[in-house]
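Here it is, the structure, as structure tokens.
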Amino acid sequence: YGKDGYGRFIAIPMRRIDGQIVGLQRIYDRTITGPDRRFSAGVAKTGAMHVLGRLDDDASEIQLGEGYSTCASAYEATGQTTVIAFDAGNLQAVAEALRAKYPSARIVLLADNDIRKPGSSTTINTGIEKATNAALAVDGWIAIPELDGAKCDWNDVHAACGLDAVAAGIHQAQPVKRPEPPIQAELSAAEAS
């Protein structure tokens, strides 16, 4: 999917929506500690992306997720063009760039489910929060992976349950809408009665 291997790491080109390369993400193999991800020095990551598949002018659906592995699993499972934002903090900037260039495309945010362990000092689920905010910004959809109440992404679902489970989960994506303000909701309810 456009990655090049150099010994013990892969290099993933980071591009702007116009195709300009702005840097590289290197993912080193760390068998015991997990992968080590590094960006090229001085890279302007905001809005940078990597595309799996093709972004055509008439794109009808675009999937967007945080990391390479979760997006590769989604792409393999669905065959839909999938865009890597590299981290949760970059999802909204990439989603907005995609919406500006592809105004009629259905944009599906592939959330990471960052469930916190009981007793954790925070209840924030960063993956779902950032994906939800990005979906709200572009009138998008969200697909949230679930794996027996554990912290997971779509690559974890792929490893545990297979590509069919990934495809089924993504096809259950839901549109994200802004909640109606309380006053408007009360007026709507009163008008309905």
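The values are calculated or read from the model by the stated rules, or taken from the named source; none is laboratory data. Note that this is a predicted model, so its numbers are computed, not measured. In this analysis, Cβ positions are derived from the backbone assuming ideal geometry, glycine residues included, and neighbour counts consider all displayed protein chains. Surface areas here come from the heavy atoms of the whole protein model, side chains and all, with no ligands, DNA or RNA. Shrake-Rupley method; radii C 1.70, N 1.55, O 1.52, S 1.80 Å.
With on the phi < 0 side of the Ramachandran plot, of a type in the set (S, T, N, Q) and part of a loop (DSSP other than H, G, I, E, B) as the only criterion, which of Thr70, Thr123 stands out?
None of the others qualify; the one that does is Thr123.
Would you please name the residue that is surrounded by the fewest Cβ atoms within 10 Å (Cβ to Cβ), looking only at residues in segment 94-120 that are in contact with a helix residue (DSSP H, G or I) (Cβ under 8 Å, 6 or more places away or on another chain) and part of a loop (DSSP other than H, G, I, E, B)?
Applying the filter and picking the extreme gives Asp114.
Counting just the residues of segment 22-43 that are exposed (fewer than 12 other Cβ atoms within 10 Å of the Cβ) and hydrophobic (A, V, I, L, M, F, W, C), which one comes out modelled with the highest pLDDT?
Per the criteria, the residue is Ala41.
Suppose we keep only residues that are at pLDDT 95 or above and small (Gly, Ala, Ser) within segment 105-126. Which one would you say is farthest from Val166 (Cα to Cα)?
From segment 105-126, those at pLDDT 95 or above are 105-113; that's our starting set.
The next check asks that each one be small (Gly, Ala, Ser); those that pass are 105, 111.
Working: Ala105: 21, Ala111: 12 Å.
Per the criteria, the residue is Ala105.
A further question follows. Pull up segment 73-93, narrow it to residues that are assigned to a loop (DSSP other than H, G, I, E, B) and over 17 Å from Ile170 (Cα atoms), then point me to the one that is most open to solvent (accessible area, probe 1.4 Å).
Among those that are assigned to a loop (DSSP other than H, G, I, E, B) and over 17 Å from Ile170 (Cα atoms), it is Asp87.
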